[in-house]
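**Student:** For reference, the structure I am asking about is given below.
The values are calculated or read from the model by the stated rules, or taken from the named source; none is laboratory data. Bear in mind the structure is a predicted one, so any value in this text is a computation, not a measurement. When we count neighbours, we look across all protein chains shown, and the Cβ atoms used for this are built from the backbone with ideal geometry, even at glycine.
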Amino acid sequence: MDIELRKNIDWVGYVDWTVRDFHSFNTKRGATYNAYLVRDEKTALIDTVKTPFAERLLKNVSALTDLEKVDYVICNHAEPDHAGSLPEIMEALPKAVLVCDKKCEAALGRYFDTSKWKFQIVADGESLSLGKRTLQFILTPMLHWPESMFTYVPEEKLLFSMDGFGQHVASSARFDDEVDMAQVMEEAKAYYANIIMPFGKQVAATLEKAASLDIDMIATSHGVIWRSHLDTIINAYKDWLVCKPTAKVLVIFDSMWDSTGQMARAIIEGASMPGVEVKLIHVRKSSLTAIATEVLDAATVAFGSSTLHRGMMPMMGAVLTYFKGLRPSGKAGFAFGSYGWGKGAPEAIHVSLEEMGWEVMREPIKAQYRPSPEVLDTCREAGAMLAEKAKTLAAR
């Protein structure tokens with residue numbers, strides 16, 4: 001392994017090729033846990049890895065320097081995918097001081113027995129000299145945990161951005177210009193939609209801080225390192241943080257005996273017009289990860305479900321619960337669905353849309369048992385309304 005970012009700054013992390021479920025995030029392309037070693041007059045390890053991969057990290061570090069020579073371990077984030085191996089790492093690095101902010105120290109103390117660790121607590125803007133290089137610490141609370149921070153090396157114009165700008169991609173290549181950018185941006189969008197989206201205000205504040213720095217490389221904690229397409233990912237974040245809509249209509253549904261499915265296809269039929277992208281998503285044939293990614297830049301969405309036990313189908317309930325947490329903004333839509341002897345699903349979806357703060361475009365469209373031709377005509381009309389609204393929102 002020899003992956004050099006700058007002279008004496010190296011990647012020492014782990015590629016997790018086979019992981020497919022990352023706390024319910026669907027990682028269809030695997031993941032990486034990126035850690036970095038900075039060697040100067042003093043040596044610093046920037047972040048660590050998940051617990052099972054501690055031995056691999058130590059082997060990577062020891063290939064570059066004696067473990068006894070590591071002076072600092074920088075913990076930018078206490079989440080276990082980055083800090084889970086710290087007990088083993090701190091034991092293996094006898095002189096290392098753990099550098100983090102105050103909230104991170106408290107979080108680590110709740111995960112581990114840190115009583116024997118040596119801590120150096122840093123504040124926003126504080127710096128640590130390694131010799132010819134300096135580590136500057138930039139607190140980024142709620143991106144995406146309260147204790148999160150960036151580490152910046154001004155002499156190298158290098159930003160260690162923790163979870164910011166990350167993607168779940170397993171690859172033998174480490175840099176953005178060595179991989180398929182379409183795939184990387186697809187995964188960066190999924191990462192933002194499913195992890196970062198609730199924290200738009202914090203993202204805006206972080207981008208403002210980053211704008212004041214001279215950066216020509218962003219070393220993330222997941223996925224590829226950005227060195228050739230910085231403008232691409234930063235501009236994408238600017239759009240994503242406001243859920244900037246495109247002229248895209250989604251119809252997201254679940255159905256028992258295809259009555260709601262018929263309604264969904266009629267809405268899609270009505271929404272299909274020039275200049276508008278339309279997608280039909282069956283929730284049990286997709287994933288929460290994929291659905292959230294599609295919703296991030298959709299302008300309008302119709303949600304439909306058959307009625308089950310006076311409520312919506314379980315996976316539709318899961319989707320809407322997930323969205324209540326992610327809080328996608330600036331969307332418009334409506335509810336639809338079928339029922340038998342007892343109503344419930346369309347009404348429950350309608351309430352969920354109101355609770356999310358979306359613009360609810362109409363009352364729910366409902367069909368008892370099978371949708372009549374009149375109901376299907378109403379669905380087509382509502383689909384056309386979704387498409388026109390999508391064009392309007394995208395043009396703002």
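**Student:** What residue, of A302, A332, A318, A290, is more than 22 Å from F22 (Cα to Cα), assigned by TED's automatic domain parsing to the domain that holds I268 and within 23 Å of the chain's Cα centre (by Cα)?
**Tutor:** Of the residues listed, the single one that is more than 22 Å from F22 (Cα to Cα), assigned by TED's automatic domain parsing to the domain that holds I268 and within 23 Å of the chain's Cα centre (by Cα) is A332.
**Student:** Among what's in the range 196-242 and is at pLDDT 95 or above and touching a Lys or Arg at 6+ places or on another chain (Cβ under 6 Å), pick the residue that is surrounded by the fewest Cβ atoms within 10 Å (Cβ to Cβ).
**Tutor:** Taking the candidates together, the pick is D214.
**Student:** Consider the range 12-30. How many of its residues are part of a strand (DSSP E or B), out of contact with any helix residue (DSSP H, G or I) (no Cβ under 8 Å at 6 or more places or on another chain) and in contact (Cβ under 8 Å) with a residue 40 or more places away in the chain?
**Tutor:** 1
**Student:** Could you pull out the residue among K366, K279, K343, K324 that is free of Cβ contacts under 8 Å to residues at least 40 places away in the same chain and part of a loop (DSSP other than H, G, I, E, B)?
**Tutor:** Of K366, K279, K343, K324, the one residue that is free of Cβ contacts under 8 Å to residues at least 40 places away in the same chain and part of a loop (DSSP other than H, G, I, E, B) is K343.
**Student:** When you check F175 against the structure, is it in contact with a strand residue (DSSP E or B) (Cβ under 6 Å, 6 or more places away or on another chain) and either outside the structural domain of I234 (by TED's automatic domain parsing) or in contact (Cβ under 8 Å) with a residue 60 or more places away in the chain (or both), yes or no?
**Tutor:** no
**Student:** Out of the range 72-104, which residues are of a type in the set (D, E) and more than 15 Å from T140 (Cα to Cα)?
**Tutor:** D81, E88, E91
**Student:** Yes or no: the range 345-355 includes at least one residue that is hydroxyl-bearing (S, T, Y), in the same structural domain as K285 (by TED's automatic domain parsing) and either at pLDDT 95 or above or closer than 17 Å to G383 by Cβ (or both).
**Tutor:** Checking the range 345-355: at least one residue is hydroxyl-bearing (S, T, Y), in the same structural domain as K285 (by TED's automatic domain parsing) and either at pLDDT 95 or above or closer than 17 Å to G383 by Cβ (or both).
**Student:** Has the range 294-317 got any residue that is part of a loop (DSSP other than H, G, I, E, B), more than 22 Å from Y191 (Cβ to Cβ) and modelled with pLDDT under 95?
**Tutor:** Within the range 294-317 (the criterion being part of a loop (DSSP other than H, G, I, E, B), more than 22 Å from Y191 (Cβ to Cβ) and modelled with pLDDT under 95), the answer is yes, since at least one residue qualifies.
**Student:** Quick check, is P274 out of contact with any helix residue (DSSP H, G or I) (no Cβ under 7 Å at 6 or more places or on another chain) and assigned to a loop (DSSP other than H, G, I, E, B)?
**Tutor:** yes
**Student:** Return yes or no: is L143 modelled with pLDDT under 95, in contact with a Ser or Thr (Cβ under 6 Å, 6 or more places away or on another chain) and within 16 Å of H82 (Cβ to Cβ)?
**Tutor:** Answer is yes for this residue.
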